[in-house]
Amino acid sequence: MNKDKLKRIYNEIKRFDTIYIARHIGPDPDAVASEIALRDTIKLTFPSKKVFSVGASVSKFKYIGKLDKINEYDYENSLVITLDLPNMSRVDGINLEKCKNIIKIDHHPFVEKMGYLEYIDEKATSTCEILLDLVNNTRFKINENIAKTIIIGIVSDSNRFLFHPSDDKVLYKVADLIKKYKLNLQEIYDSIYRRPMSEVRLMGYIASNIKVTRNKFAYIIIENDIVNSFNADASSASNMVNDFNNIEEFIVWMFVTKDLKSDIFKVNIRSRGPVINEVASNYNGGGHKFSSGARVKTMDELNSLINDLDNLCKEYIKEKECKNEV
């Protein structure tokens, strides 16, 4: 943790009257929770400031809070804060090339310099954990609702503290929030993980139809007509990738859905060993070592990605066998 840089971020935020907060396209709960939590934190601390969380709304995450609709941006005189966003091409809701003042806060591996002040902490479980560090080391104010939003981001991105780099430090941070604001953790978990029966049935379809190679690579292309037949949506299907974390028969698994509006395949990839973000970066994507995403335009590209990930698993198993670890 770089306390001096966190204080610099606080002081920069103090300087601007208009602030836009942006995150990546196809957001997960951490991306949405972080931009809502930071917006509300700034407005609570500095009531006179105009602060907006931008990007497309996702109905599945409406329990986190509402985003803002912007008709016109003041690119010249505003501050833009990007959250959970490693590179400019994946931003949602704002044209970063027109922005003069950008602060980047992220927990992904570095991909691209985007602002004059950047705070990247790969050891953080989530962007929301970084925001909690920002609050704890500056004069920012939060309340019960903001604390709850921050916990939603931390819990969801760490998958209930199952994913690396969860450790005792983040557990103590969350415990302090729960104690200070008398939060009901069960209610927070319910808001994140409660799902309709239609999604459970879709999960059963995925489990029954996912393909597993001899190299322990699992993948499924979830067609939209299948998703619709279960009365679910594509975003729900892609987010189910985290529910397959503890299956013994595979070490890397990939869920693919089709975004009809953009005419691309959206890919979510997870791993319990092989480093996948370098492969994902070759397919208009990236992310963490064991949790990444990609976007491909054609079936040829998708088949190439499948082949690359299968070979990655093959090499990983071979290295393990050489070390007598499997």
Tally, over region 290-325, of residues that are among the aliphatic types (A, V, I, L, M) and exposed (fewer than 13 other Cβ atoms within 10 Å of the Cβ): 1
Condition met for Val256 (surrounded by fewer than 17 Cβ atoms within 10 Å (Cβ to Cβ), in contact with a strand residue (DSSP E or B) (Cβ under 8 Å, 6 or more places away or on another chain), modelled with pLDDT of 95 or more and hydrophobic (A, V, I, L, M, F, W, C)): no
Kindly list, by first and then second residue, each pair from a residue in region 219-236 that is on the phi > 0 side of the Ramachandran plot to a residue that is surrounded by 14 or more Cβ atoms within 10 Å (Cβ to Cβ), limited to pairs with Cβ atoms under 8 Å and residues at least 6 apart or on different chains. Asn231/Ser198
Hey, could you check region 23-46 for residues that are surrounded by fewer than 24 Cβ atoms within 10 Å (Cβ to Cβ) and among the aliphatic types (A, V, I, L, M) and say which is nearest to the chain's Cα centre (by Cα)? Ile25
I want to confirm something. Restricting to region 123-155 and keeping residues that are farther than 17 Å from Lys180 by Cα, out of contact with any Phe, Trp or Tyr (no Cβ under 9 Å at 6 or more places or on another chain) and of a type in the set (S, T, N, Q), which single residue is surrounded by the fewest Cβ atoms within 10 Å (Cβ to Cβ)? Ser126
Kindly establish whether Gly93 is small (Gly, Ala, Ser), in contact (Cβ under 8 Å) with a residue 60 or more places away in the chain, at positive phi and touching a strand residue (DSSP E or B) at 6+ places or on another chain (Cβ under 7 Å). yes
Search region 80-95 for residues being part of a loop (DSSP other than H, G, I, E, B) and of a type outside the set (A, V, I, L, M, F, W, C), and hand back the single one that is nearest to Tyr10 (Cα to Cα). Asp84
Out of Thr138, Thr125, I need the residue that is assigned by TED's automatic domain parsing to the domain that holds Leu185, under 21 Å from Asn277 (Cα atoms) and part of a loop (DSSP other than H, G, I, E, B). Which one? Thr125
Qualifying residues in region 9-22 (those that are closer than 18 Å to Cys99 by Cβ and more than 20 Å from the chain's Cα centre (by Cα)) - the one surrounded by the fewest Cβ atoms within 10 Å (Cβ to Cβ): Arg15
For His24, the lone unmet condition from (1) at pLDDT below 95; (2) out of contact with any helix residue (DSSP H, G or I) (no Cβ under 7 Å at 6 or more places or on another chain); (3) not aliphatic (A, V, I, L, M) is (2)
Could you say whether any residue in region 170-177 is surrounded by fewer than 12 Cβ atoms within 10 Å (Cβ to Cβ) and farther than 25 Å from Lys148 by Cβ? no
Per-region count, region 293-313, residues free of Cβ contacts under 8 Å to residues at least 24 places away in the same chain and small (Gly, Ala, Ser): 1
Go through region 197-235 and report how many residues are in a strand (DSSP E or B), in contact with a helix residue (DSSP H, G or I) (Cβ under 7 Å, 6 or more places away or on another chain), of a type outside the set (Val, Ile, Thr) and under 19 Å from Lys258 (Cα atoms). 1
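One line per residue, one yes/no per condition, for (1) modelled with pLDDT under 95; (2) among the basic types (Lys, Arg); (3) touching a Leu at 6+ places or on another chain (Cβ under 8 Å):
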| site | (1), (2), (3) |
| --- | --- |
| Ile269 | no, no, yes |
| Pro274 | no, no, yes |
| Gly286 | yes, no, no |
| Arg295 | yes, yes, no |
| Ile306 | no, no, no |
Within region 103-114, how many residues are touching a Leu at 6+ places or on another chain (Cβ under 9 Å) and not in a strand (DSSP E or B)? 2
Scan region 276-326 for residues that are part of a helix (DSSP H, G or I) and small (Gly, Ala, Ser) and jot them down. Ala280, Ser281, Ser304
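The values are calculated or read from the model by the stated rules, or taken from the named source; none is laboratory data. It should be emphasised that the depicted structure is a prediction, and the values quoted were computed from it without experimental measurement. Cβ atoms come from the backbone with ideal geometry, glycine included; neighbour counts cover every protein chain shown.
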